[in-house]
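One structure below.
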Amino acid sequence: MSHTLTICPQCKSLNKVLIEKAITNQALCGKCQKNLTLHGLVTEVNTEDFRRILKASDKPVVVDFWATWCGPCKSYGPEYQKASTQNTNAVFLKISTETEQELSAELGIRGIPCTILFKSGKEVARQAGAMSADQVKQFVNSVN
Ligand SMILES: [Zn+2]
């Protein structure tokens with residue numbers, strides 16, 4: 001059985017959930033029993049929760065940096081979400097560059113959408129611009 005990592009929106013607990021449950025929106029928080037709100041297998045996180053997942057994950061972590069005002073980000077969102085359900089070998093996150101400005105600056109993000117792949121807590125690849133679900137798959141599997 002394969003798992004992914006997510007943060008409970010209610011109590012902020014780090015949850016390890018079964019892929020099958022997460023995809024069908026049946027995953028509950030192990031601590032407070034609240035429904036975990038994943039989109040496909042994508043979790044929207046802030047900087048603190050991003051760092052917690054990065055530290056805890058034994059899988060690669062992929063992050064879509066986006067903003068509400070960004071047109072290409074909107075069309076990329078559903079493709080990224082689709083890719084998350086097809087690549088269960090990685091943990092998929094989404095971070096707003098509007099609310100998480102410090103992290104975005106720290107990572108040197110200039111244009112969005114920007115997709116970054118982390119392995120063992122370190123950046124190993126990044127791709128600027130929107131991608132198709134297939135391109136995301138190639139990107140996630142580009143570094144071994
Ligand atoms: Zn909870």
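Just so you know, all these numbers are worked out from the coordinates, no wet-lab data involved. From a predicted model like this one, the values you see are computed outputs, not experimental measurements. Cβ sites come from the backbone with ideal geometry, for glycine too, and all protein chains shown count toward neighbours.
Points to keep in mind about this one:
- Viscosity 1.567 mPa s, temperature 4 °C, Stokes-Einstein D of the chain from Kirkwood C-alpha radius, µm²/s: 86
- Taking the C-alpha atoms only, the angle from helix 71-86 to the longest principal axis of the chain is near 50 degrees.
- If the chain linking residue 143 and residue 39 were pulled fully straight, counting 0.36 nm for each residue of separation and taking away their Cα-Cα distance, it would gain 35.0 nm.
- About its Cα centre, the chain has a charge dipole of approximately 360 debye under the convention of +1 per Lys or Arg Cβ and -1 per Asp or Glu Cβ, with nothing else charged.
- Gain on full stretching of the segment that runs from residue 21 to residue 69 - 0.36 nm per residue minus C-alpha separation: 14.1 nm
- Helix axis angle, 47-56 relative to the chain longest principal axis, alpha carbon, degrees: 70
- Each part reduced to its alpha carbon centroid, segment 7-86 and segment 103-144 end up 16 Å apart.
- For the pair residue 52 and residue 102 in one chain, pulling the backbone fully straight at 0.36 nm per residue adds 16.4 nm over the alpha carbon distance.
- Of all DSSP beta bridges in segment 41-140, antiparallel share, percent nearest 5: 55
- Charge context of residue 128, other residues only, Cβ under 13 angstrom, K/R +1, D/E -1: +1
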